[in-house]
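Engineer: Sharing a structure, written as structure tokens. Questions coming.
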Amino acid sequence: MKVKSEVGHQMLIGELSERTGVSRRLLRYYEDQGLLESARSTSGYRVYGEEAPRTVQRIRTLLDMGLTTRTIASVLPCATGDGNEPLELEMCPSLLATIRRELAELDERIDELQRNRGALAAQIGC
DNA sequence: CTTCTCACA
DNA sequence: TGTGAGGA
């Protein structure tokens, strides 16, 4: 058996891109935003570990929840949800605060949208 | 494959 | 938030 370092599946950006369906350009962008990290090969290429595809998936689902990259950068370390559907967050006081703040901003936007909707609907007698 | 920049939706 | 292009 492998007693020492299990290197796992390392990959370059092209492979990570294919496995995740996220463009290379976007993967670099995520790294720029502090969401994704990579090691470098001797030739300067980005090298990703085997957990990278899962990390990218988590980034995608958090973006789909409407979070900004900045927020995701702080939330991501708490994300432990495995590969598929349900993202699981290891809750802690600061994460809870972040989520509550996000909900509050969402409620504010909803209120504003409802006011906009009301004003507009009134114009056609609804 | 890398970096950077400018521009744009 | 995400992309394309051009150049070193």
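Engineer: Let me have the relative contact order for chain A, percent, based on Cα pairs under 8 Å that are six or more residues apart.
Structural biologist: Relative contact order, chain A: 17 percent.
Engineer: Just rank A:Cys78, A:Cys126, fewest to most, by other beta-carbon atoms within 10 angstrom.
Structural biologist: In order of increasing Cβ crowding within 10 Å: A:Cys126, A:Cys78.
Engineer: Where does each of A:Ser41, A:Ser17 land when they are ranked from fewest to most other beta-carbon atoms within 10 angstrom?
Structural biologist: Going from least to most buried by this count: A:Ser41, A:Ser17.
Engineer: If you don't mind, there's one more thing I want to ask. Can you list the residues of region A:51-68 with backbone N under 16 Å from a point 7 Å past the Cα of A:Leu106, pointing along Cα to Cβ?
Structural biologist: A:61-68
Engineer: Plugging the Kirkwood radius over Cα pairs into Stokes-Einstein for chain A, at a temperature of 4 °C and a viscosity of 1.567 mPa s, what D comes out in µm²/s?
Structural biologist: 75
Engineer: Something else now. Please report A:Val56, A:Val7 as a ranked list, fewest other C-beta atoms within 10 angstrom at the top and most at the bottom.
Structural biologist: A:Val7, A:Val56
Engineer: For region A:57-125, what's the relative contact order in percent, using C-alpha pairs closer than 8 Å and at least 6 residues apart?
Structural biologist: Across region A:57-125, relative contact order equals 19 percent.
Every number in this text was worked out from the coordinates using simple rules, so none of it is lab data. Because the structure is predicted, anything quoted here is derived from the model rather than measured. Don't worry about glycine lacking a Cβ; one is built from the backbone with ideal geometry, like all the others, and counts go over all protein chains shown.
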